[in-house]
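*Asks:* I'd like to ask you about the structure that follows.
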Amino acid sequence: MPAFSRSALRAIAAAVVTVNASQTDPAGQGFEPGSFPARWSPDSADCAGAPPFLAHEYNAGFVILRQSGCTNFEKPFLYLLFGAKEALLVDSGATGADPSAVVDGLLRAHARRQQKPELPLLVVHSHGHGDHVAGDAALRRRTGTRVVDTPAQAVARFFAIQDWPRDVAQYDLGDRILDIVPIPGHEVASIAIYDRRTGILLTGDTLYPGRLYVRDAEAFRQSIDRLVDFTATRRLTHALGAHIENTRTPYVDYPEGTIFQPEEHALELGRAHLLELQLALREMPAQLQRRPLRDLTVWPVR
């Protein structure tokens, strides 16, 4: 693969399309439509009475939860997907808030809409860092709940991934098939989850509008290559990560520890961001360099 100039990277960046919050399936490919809120941050920095989680229905079968910065500055995103047989929660949040109450309410509401019994819950993780697993203990106490352990061996065993991290597995929630793509580099057990109903790819801390902390450079490069190859044969509506750290202003992020982010970047990214990231990584030497891109920053951790 030849090296790419900075002008080539800028051209890729210019091609990145910010998806309008009301736009659903721009390619008209038959995915279940959905929408995003105008903003994820509260109107005020006042934490008095702030709920621990904001829950937004992308659509009736796909709910996005955002933990309040008033409970933890990491403000992670969690994802709840409903199938015909089972519901899936991706990540359980950071310390400072118990997700079980809001998840209970969403499961009950879904059961009422469907006029069916409440679905059992499966909890998996984008990766095993503490700001994505803190709610596990509370969720394990729920009836009808399974929580997958976080080591890579446990994740591979649960999804029957024989050749980690090269194999891609499938998991069926009941008329809702998910593709599970191992993507170590940020953390050894990192996975991406592709939802065939919506065309959404959940990317955890591997791709999001913010600081992409890379702990294993070679594994991270290979994981981004794997995601680029995976999305070359699947239509992608959005890539949704686990945080927002960038502002709406290109190349500018909020400092670590920020609780209130009134001018934060949109959550949703796209395949162009993956291509831009891949090109940036290929231009760097084996030892990665910190490099800000328009909507995210490559941030090696040594």
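*Asks:* When only residues in segment 209-264 that are among the polar types (S, T, N, Q) and not in a strand (DSSP E or B) count, which is farthest from Asp131 (Cα to Cα)?
*Replies:* Thr233
*Asks:* Pairs only if they're at least six apart or on different chains, beta carbon under 7 angstrom, first in segment 60-80 and farther than 15 Å from Tyr208 by Cβ, second in a loop (DSSP other than H, G, I, E, B) and among the polar types (S, T, N, Q); list them, first residue then second.
*Replies:* What qualifies is Phe62/Thr198; Asn72/Thr95; Phe73/Thr258.
*Asks:* Listed residues Thr71, Thr95; which is farther than 14 Å from Leu173 by Cα, among the hydroxyl-bearing types (Ser, Thr, Tyr) and buried (at least 20 other Cβ atoms within 10 Å of the Cβ)?
*Replies:* Details: Thr95 fails: buried (at least 20 other Cβ atoms within 10 Å of the Cβ).
Thr71 is the lone residue from the list that is farther than 14 Å from Leu173 by Cα, among the hydroxyl-bearing types (Ser, Thr, Tyr) and buried (at least 20 other Cβ atoms within 10 Å of the Cβ).
*Asks:* Another question, then. Can Thr206 be described as polar (S, T, N, Q) and part of a loop (DSSP other than H, G, I, E, B)?
*Replies:* yes
*Asks:* Among the residues of segment 116-147, which ones are β-branched (Val, Ile, Thr) and surrounded by fewer than 16 Cβ atoms within 10 Å (Cβ to Cβ)?
*Replies:* Residue satisfying the conditions is Thr143 alone.
*Asks:* So, one more: Residues of segment 50-59 being under 17 Å from the mean Cα position of the chain (by Cα) and either touching a residue at least 40 places away in the same chain (Cβ under 8 Å) or farther than 16 Å from Ala94 by Cβ (or both), which ones?
*Replies:* Within segment 50-59, Phe53, Ala55, His56, Glu57, Tyr58, Asn59 qualify.
*Asks:* I've got another one for you. Take the residues in segment 230-288 that are free of Cβ contacts under 8 Å to residues at least 24 places away in the same chain and either in contact with a helix residue (DSSP H, G or I) (Cβ under 6 Å, 6 or more places away or on another chain) or closer than 30 Å to Ala48 by Cβ (or both); name whichever of them is surrounded by the fewest Cβ atoms within 10 Å (Cβ to Cβ). Spell out how you get there, then give the answer.
*Replies:* Of all residues in segment 230-288, those free of Cβ contacts under 8 Å to residues at least 24 places away in the same chain come to 232-233, 247-249, 252, 254-255, 263, 284-285.
With either in contact with a helix residue (DSSP H, G or I) (Cβ under 6 Å, 6 or more places away or on another chain) or closer than 30 Å to Ala48 by Cβ (or both) added as a condition, the list becomes 247-249, 252, 254-255, 263.
Numbers: Thr247: 17, Arg248: 13, Thr249: 9, Val252: 11, Tyr254: 20, Pro255: 7, Glu263: 12.
Selected residue: Pro255.
*Asks:* Considering only segment 152-166, how many residues are in contact with a strand residue (DSSP E or B) (Cβ under 7 Å, 6 or more places away or on another chain) and not in a helix (DSSP H, G or I)?
*Replies:* Total satisfying the criteria: 5.
*Asks:* Go through the residues of segment 101-111 one by one and say whether even a single one is of a type in the set (A, V, I, L, M, F, W, C), closer than 22 Å to Arg211 by Cβ, modelled with pLDDT of 95 or more and surrounded by 23 or more Cβ atoms within 10 Å (Cβ to Cβ).
*Replies:* no
*Asks:* If we keep just the residues of segment 207-233 that are of a type in the set (S, T, N, Q) and out of contact with any Leu (no Cβ under 7 Å at 6 or more places or on another chain), which is farthest from Glu268 (Cα to Cα)? Give the derivation first.
*Replies:* So in segment 207-233, the residues of a type in the set (S, T, N, Q) come out as 222-223, 231, 233.
Of the ones still in play, those that are also out of contact with any Leu (no Cβ under 7 Å at 6 or more places or on another chain) are 222-223, 233.
Working: Gln222: 23, Ser223: 20, Thr233: 20 Å.
So, considering only residues that are of a type in the set (S, T, N, Q) and out of contact with any Leu (no Cβ under 7 Å at 6 or more places or on another chain), the one farthest from Glu268 (Cα to Cα) is Gln222.
*Asks:* Mind checking which residues of segment 135-149 are closer than 15 Å to Leu88 by Cβ, among the β-branched types (Val, Ile, Thr) and outside any strand (DSSP E or B)? Write out each step before concluding.
*Replies:* From segment 135-149, those closer than 15 Å to Leu88 by Cβ are 135-136, 139, 142, 144-148; that's our starting set.
Restricting the remaining residues to those that are among the β-branched types (Val, Ile, Thr) gives 145, 147-148.
Of everything in segment 135-149, just one residue is closer than 15 Å to Leu88 by Cβ, among the β-branched types (Val, Ile, Thr) and outside any strand (DSSP E or B), namely Val148.
*Asks:* What pairs come up if the first residue lies in segment 145-172 and is over 29 Å from Ser100 (Cα atoms), the second is of a type in the set (Phe, Trp, Tyr) and modelled with pLDDT of 95 or more, and their beta carbons are under 7 Å apart, counting only those six or more places apart or on different chains?
*Replies:* As it stands, the answer is Val168/Phe230, since those pairs meet every condition given.
The values are calculated or read from the model by the stated rules, or taken from the named source; none is laboratory data. Keep in mind that this is a model prediction, so the values were computed, not measured. Using ideal geometry, Cβ is built from the backbone for each residue, glycine included, and neighbour counts are taken over all protein chains shown.
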